[in-house]
Amino acid sequence: MTIRTHGDWLSRAAPLLDAVSLTMAGYLSWWIRFAQPFPPAHYLLALFLGLLLALAVLPAMRSYRGARWHRPLRGTLTAAPALVAVFGCLMAVAALTKTTAEFSRLWMAGWVGTSVVFMALWRWLAASMTDRDRLRVLLVGSGRLAAEVAHRLAERYGDDSLVGFVRLPGETDHVEEFGAPIVGELDRLDELLAAREFDVNELWLASDSPPNESDESLLRQLRMSSLPVRYVPDLRLLRLLRHRASEVAGMTVIELNATPLDGPDAVVKAILDRVLALVLLLVLSPLMFLIALVIRIESPGPVLFSQPRHGGGGRIIKVLKFRSMVHECNPDSRQARRDDPRVTRVGALLRRSSLDELPQLFNVLRGDMSLVGPRPHPLALNQAFSDRLAAFMQRHRVKPGITGLAQIKGYRGETDTLEKMKKRLEYDLYYIENWSLWLDMKILVRTAFWGWTDRNAY
């Protein structure tokens, strides 16, 4: 569910506003330091580079998280680590290009200080203009669903976004933990809205029992309101991934397992996957040739091993790996265990270092897999856990990956207990629901530097 408030347009415009603020601050610092209207070319280049870095680094470091990021003090402090990173990158570039002596240190210090002031200033102006239109919700309902909605509102828009609760007939109160009070009963709704002490601009209906035509009192009260009315359906029993409403053939439908990887974003990810996979194959081809040669020397059998596994959308794909077991044992679908007699000496090294996964770059090139995503499991393993863990097969909503969030969090290798598989599933679903290019980049970097060894990989 998407609520259009000042936080939405501000969060979209904030990176540009911060980047412009930083650029203006650099120019003002130049004008104060040198009293000249036009900086030389290398200063202009530094300002332009600062603009680009701000646009990339500030969102990537989550400078716009929390309910009060747009407040002058709180928001500037939240963005401070990213601001330090931006200027750190600028100084690193100057050091690498040996141009630090060409820039005034006083100018740089003034640029940093003025940037902080400008970033706080636009936040103050935005807050003063939008506070009158801030989200102020009166929740019609006081049961379990209302409590969950209130928690989400406070988390996203702050505690002051919730004015209070209106008790519905027959509901048991579950909202005692919130600072907002139960302001009255449903039959007093019009009277409550008319009262001056309630600053409300939206009504939200969050009833534990779905309304129907027999709820004449409820429907009449809602129709009489001139405020926007939003209905929050109780979809907790149908929880898969995130929900998304859309219109198909004139009907409102709710997608129960939406992911950011649907639509245009999937195309962007697919293009980047193929480009990076091709580059990695070119760079790693000598290593892959050497691995293939050693495998053939140590034991008879094919160099590559393919196994059917679930791909994106649940379809069956053939996943490639360097053979790490004695050839006769490969039809055995059991996961490898510690000191598994099927694993060869070379195979043990390949599995510990994850080098046996390198042929999956070909899977990425042909579109079966992604560089980052939930790891594909053997079909027998999926069958064993799909009935024991709710939403287990939802991890196949997207293409599987060579590496994934669960793997860099320590859940590589054998999943010999239900608890291990449950934790892997939690990380996989979090990745699917919260995918971004920045998250992919972080996982790839973590894999490149720390993902080659793991005590659980054998």
>> For the structure I just gave you, tell me whether L135 is over 25 Å from W30 (Cα atoms) and not in a helix (DSSP H, G or I).
In response: yes
> Taking interchain pairs and intrachain pairs at least six residues apart, which have beta carbon atoms under 7 angstrom, with the first residue in the stretch 430-450 and outside any helix (DSSP H, G or I) and the second modelled with pLDDT of 85 or more and open to solvent by 30 Å² or more (accessible area, probe 1.4 Å)?
Replying inline: none
>> Of all residues being surrounded by 15 or more Cβ atoms within 10 Å (Cβ to Cβ) and within 19 Å of L145 (Cβ to Cβ) in the stretch 212-229, which is modelled with the lowest pLDDT? Just the residue, please.
In response: D215
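Residue-wise test of (1) hydrophobic (A, V, I, L, M, F, W, C); (2) open to solvent by less than 50 Å² (accessible area, probe 1.4 Å); (3) within 35 Å of the chain's Cα centre (by Cα).
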{"residue": "P72", "(1), (2), (3)": "no, yes, yes"}
{"residue": "V84", "(1), (2), (3)": "yes, no, yes"}
{"residue": "A101", "(1), (2), (3)": "yes, no, no"}
{"residue": "W107", "(1), (2), (3)": "yes, yes, no"}
>> Quick test for you: out of V166, V175, V137, pick the one residue that is within 19 Å of L227 (Cα to Cα), open to solvent by less than 10 Å² (accessible area, probe 1.4 Å), β-branched (V, I, T) and within 30 Å of the chain's Cα centre (by Cα).
In response: V137
> Among the residues of the stretch 349-394, which ones are of a type in the set (A, V, I, L, M), open to solvent by less than 30 Å² (accessible area, probe 1.4 Å), touching a Phe, Trp or Tyr at 6+ places or on another chain (Cβ under 9 Å) and not in a loop (DSSP other than H, G, I, E, B)?
Replying inline: L350, V372
>> Suppose we filter the stretch 194-209 for residues that are out of contact with any Lys or Arg (no Cβ under 8 Å at 6 or more places or on another chain) and modelled with pLDDT of 75 or more; how many remain?
In response: 3
> Going through the stretch 255-287 one residue at a time, which ones are modelled with pLDDT under 70, surrounded by fewer than 16 Cβ atoms within 10 Å (Cβ to Cβ) and among the hydrophobic types (A, V, I, L, M, F, W, C)?
Replying inline: L256
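The values are calculated or read from the model by the stated rules, or taken from the named source; none is laboratory data. Worth saying up front: this structure is predicted, and the values here are computed from it rather than measured. Cβ: placed from backbone, ideal geometry, glycine included. Neighbour counts: every protein chain shown. Side chains are part of the model used for accessible areas, which takes the heavy atoms of the whole protein and leaves out ligands, DNA and RNA. Shrake-Rupley method; radii C 1.70, N 1.55, O 1.52, S 1.80 Å.
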